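Comments concern the structure below.
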Amino acid sequence: MRVGVAYADDGRQVWLRVDVPDGATALEAIERSGLLQMYPAIDLEMQKVGVFGKVVKLDTPLQVGDRVEVYRPITCDPTQVPRRDTGDGDED
């Protein structure tokens, strides 16, 4: 079955299509994609992984067409970053 594997670093977004056997897990898709060789700094022990925006465990079985996403660690404290003006005129 075919699934996608997605990752974005500071300057580039990667979306790879991967053929995996039925019942393959998120980890198997990531390993087969070659993403770990392209980005050796990825640490799956520390970084979260998701399918279509929902965080999952590495042993989660995949369905045809799933998009596995490897998330980067947060690099700043969101409570310390000023909110951006959305331009909708709604004041907080």
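Read-outs: derived from the displayed coordinates by stated rules, not from any lab. Every value quoted in this text rests on a predicted model; they were computed, and no experiment measured them. Every residue, glycine as well, gets a Cβ built from its backbone with ideal geometry; the counts of neighbours run over all protein chains shown.
Points worth noting:
- Residue pairs whose Cβ atoms lie under 8 Å apart, separated by 6 or more positions or on different chains, with the first residue in the range 15-29 and farther than 7 Å from ARG2 by Cα and the second surrounded by fewer than 17 Cβ atoms within 10 Å (Cβ to Cβ) and acidic (Asp, Glu), are THR25/ASP59; ALA26/ASP59; LEU27/ASP59.
- Whichever residue in the range 1-51 is among the small types (Gly, Ala, Ser) and assigned to a helix (DSSP H, G or I) and, among such residues, is surrounded by the most Cβ atoms within 10 Å (Cβ to Cβ): ALA29
- Any hit, the range 3-13, residues being touching a Pro at 6+ places or on another chain (Cβ under 8 Å) and not polar (S, T, N, Q): no
- Residues of the range 52-77 that turn out to be outside any strand (DSSP E or B) and within 13 Å of ASP9 (Cβ to Cβ), as a count: 4
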